[in-house]
Amino acid sequence: MNDVFYSKHFKLEKISTSSFAAIAKEGGGAVANAGFVDLGDKVIVFDTFNTQQASEDLKLIAEKITNQTVTLVVNSHWHGDHIRGNQTFKDTIIISSEITSSKIRDVHPSRFSKQKNDIQGLKDYIHSLEQLHQTNDPTIQYQINSLNELKESLPTLELVLPNQTFNNELTIQGTKRSAKLFTLGGGHSFCDAMLYIPDEKVIFMGDLLFVNCHPTFF
């Protein structure tokens, strides 16, 4: 899969006939993982990464592989690394739980504004990390690279809110397969949505699933 597609933000993995995982690369603009699924006549993107640079790559490869435009976008929860790329899909249905939508609306306008108004502060912080990086610590270099992606995103960053919400669960029917979007309430955040593809036994879990590290539950 990665022989025909390259993004500095994520690597693409084919999970099943219709489902693809976009696994964040360290130092890129994705930060969190995302993915997409082809239901036949509908394409669902699950989460939109931390920057519009990364989400633009995700949209590009999703539409190239499925030969369709993205139909629907899911925001699994309200944290920035899952919603800041929404502007790439602002002409698409963006759906989240009612609680997630409320948190995005309440928290992120001031966060976006503060960050956009303090780009110089971010530049100064990156410079301080570069001074530390004289030890050639790869972890610090990944952090520097990721923050540079954030800096690049800020001048044109827009907050795009979900334009459709659900409460407990929603079935999305396609011509080839269906998907079940559902939440069991809080876990990692105030409310976490998952997308299940019954025919293929594939589930997108957002930050409810952590691999090789300790999960974070608030």
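The values are calculated or read from the model by the stated rules, or taken from the named source; none is laboratory data. Everything quoted here is computed from the prediction, not taken from an experiment. We place every Cβ from the backbone using ideal geometry, glycine too, and count neighbours over all the protein chains shown. These accessible areas exclude ligands, DNA and RNA; they are computed on the full protein's heavy atoms, side chains included. Shrake-Rupley method; radii C 1.70, N 1.55, O 1.52, S 1.80 Å.
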Looking only at the stretch 113-159, filter to residues that are charged (D, E, K, R) and in contact (Cβ under 8 Å) with a residue 40 or more places away in the chain; which one of those is most open to solvent (accessible area, probe 1.4 Å)? Glu152
Can you tell me which residue is farthest from Glu98 (Cα to Cα) among those in the stretch 160-183 that are open to solvent by 70 Å² or more (accessible area, probe 1.4 Å) and polar (S, T, N, Q)? Thr175
So which residues in the stretch 1-22 are among the charged types (D, E, K, R) and part of a strand (DSSP E or B), if there are any at all? Lys11, Glu13, Lys14
Within the stretch 184-216, can you find the residues that are open to solvent by 20 Å² or more (accessible area, probe 1.4 Å), in contact with a Lys or Arg (Cβ under 8 Å, 6 or more places away or on another chain) and under 20 Å from Thr17 (Cβ atoms)? Tyr196, Pro198, Asp199, Glu200
So the strands (runs of 3 or more DSSP E) completely within the stretch 23-109 holding 1 or more residues that are surrounded by fewer than 24 Cβ atoms within 10 Å (Cβ to Cβ) and touching a Leu at 6+ places or on another chain (Cβ under 6 Å) are 93-97
Would the stretch 106-116 turn up any residue that is among the hydrophobic types (A, V, I, L, M, F, W, C), modelled with pLDDT of 95 or more and more than 18 Å from Gly28 (Cα to Cα)? yes
Consider the stretch 14-50. How many of its residues are within 15 Å of the chain's Cα centre (by Cα) and among the charged types (D, E, K, R)? 3
Could you check, for the stretch 119-141, whether at least one of its residues is assigned to a helix (DSSP H, G or I), in contact with a His (Cβ under 9 Å, 6 or more places away or on another chain) and closer than 23 Å to Ser55 by Cα? yes
Can you tell me which residues in the stretch 140-171 are more than 26 Å from Ser7 (Cβ to Cβ) and of a type outside the set (Phe, Trp, Tyr)? Asn163, Gln164, Thr165, Asn167, Asn168, Glu169, Leu170, Thr171
